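Structure record follows, encoded as structure tokens.
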Amino acid sequence: MKVIMLGAPGAGKGTQAVRVAAAYQIPHISTGDIFRANIKGGTELGKKAKTFMDAGKLVPDELVCDLVVDRIQQDDCKNGYVLDGFPRTIPQAEALDAAVAAIGDKVDYAVDIDVPDEEIITRMSGRRACLSCGATYHTKFNPPKAEGVCDTCGAALVLRDDDKPETVRTRLNVYHEQTQPLIDYYNGKGILVTVDGTQNMDKVFSDIKEKLGE
Ligand code: ADP
Ligand code: ADP
Ligand code: ZN
């Protein structure tokens, strides 16, 4: 199964993508995680991406598309994958379509997790991220067992630089301008699934599973 997670920053794409990956035994591919790993590792790609990310802007398509197209051609993607944070622009969606069409395949579902902007702003201030393994927590809605420590790998949790309220507002504007058009794009292809992302995490997941089928 090939699934795309759509939704505003903080809608719960990462949270649900991890669950979808486990339930359908497919890899979870997060472009945000890939960039953050590159920033941590001090790579050229990381250096280029960081300026855009810190400003709340999108990393240019040419730095993202080849990276994802290469990743989905790896062996572990044979039975599908869940893409989290990609595509984020129409050109990215077209690049993905071309890559899957080239192997005679197609994307099965684009899942839009719908959350209004006001809720995003409050939600993001409580997000805590593990930059070692990509796990995400929330101080109130999904706290780690020990405060400030990742349950999975034991690393220290951080408030991401780009999760500060002023940057979140920029990211929401960028989302509405550049990413929201993908909802119509995938609706037009007949593969759009919409879930109410304001419900609790378990309910959001059971709605997704119901729409994706077993
Ligand atoms: P969120 O979890 O809030 O949706 P991500 O971790 O997916 O954020 O992405 C963080 C930042 O990384 C984005 O604001 C953007 O700068 C960059 N980024 C991630 N994926 C993409 C992409 N597909 N295209 C362009 N930029 C991206
Ligand atoms: P995205 O990947 O779309 O940016 P995340 O999955 O990182 O979003 O979720 C953003 C924040 O909101 C995290 O702190 C996460 O724990 C929390 N969160 C995710 N889903 C829900 C939900 N249904 N209700 C409340 N908080 C949630
Ligand atoms: Zn961790």
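Computed from the coordinates by the stated procedures, all read-outs in this text should not be read as laboratory data. None of these values were measured; they are calculated from a predicted model. Cβ: placed from backbone, ideal geometry, glycine included. Neighbour counts: every protein chain shown.
Side notes on the structure shown:
- In this structure, the residue pairs whose Cα-Cα separation is over 23 Å, taken from LYS145/LYS211; LYS106/LYS211; LYS140/LYS164; LYS13/LYS211; LYS140/LYS209; LYS50/LYS140, are LYS145/LYS211; LYS140/LYS209; LYS50/LYS140.
- Residues whose placed amide H lies under 5 Å from that of SER30, excluding near-sequence neighbours: ASP84
- Overall form of the stretch 111-169 per C-alpha gyration tensor (a/c, 1.5; a/b vs b/c): prolate
- For a paramagnetic label modelled on LYS78 (point 7 Å from Cα along Cα→Cβ), amide N atoms under 18 Å away belong, within the stretch 27-51, to 27-28.
- In a simple Cβ point-charge model (Lys, Arg +1; Asp, Glu -1; nothing else charged), the stretch 81-175 has a dipole of about 400 debye relative to its Cα centre.
- Assigned charges on the beta-carbon of Lys, Arg, Asp, Glu; the stretch 1-142 dipole about Cα centre (debye): 640
- Burial ranking of peptide ranges 53-60, 14-21 (average Cβ count within 10 Å, highest at the top): 14-21, 53-60
- Interatomic Cα distance distribution for the chain, bins of 5 angstrom, percent: 1, 7, 15, 20, 22, 19, 11, 4, 1, 0
- Length available on full extension from LYS47 to ALA146: 0.36 nm per residue minus the Cα-Cα distance, which gives 32.4 nm.
- Fraction of antiparallel bridges per DSSP, the chain only, in percent to nearest 5: 30
- Lone cysteines, the chain (no partner Cβ under 4.7 Å): CYS65, CYS77
- THR194 paired with LYS209, simple spin-label distance in nm, labels 7 Å along Cα-to-beta-carbon: 2.4
- Projecting the Cα atoms of GLN180, ALA110, PRO27 onto the charge dipole of the chain, computed from C-beta unit charges around the Cα centre, puts PRO27 farthest toward the positive end.
- Helix-only arithmetic for the chain: the sum of -39500 (n - 2.57) across DSSP H runs with n ≥ 4, divided by the residue total, places the mean residue ellipticity at 222 nm at -13500 deg cm²/dmol.
- Length gained on full extension, THR170 to LYS40: 44.5 nm, using 0.36 nm per residue less the C-alpha separation.
- Cα gyration tensor shape for the stretch 97-214, rounded if a/c is under 1.5, else prolate or oblate: prolate
- Peptides 27-36, 62-71 ordered by average Cβ neighbours within 10 Å, highest first: 27-36, 62-71
- Cα gyration tensor, the stretch 152-203 - rounded (a/c under 1.5), prolate or oblate: oblate
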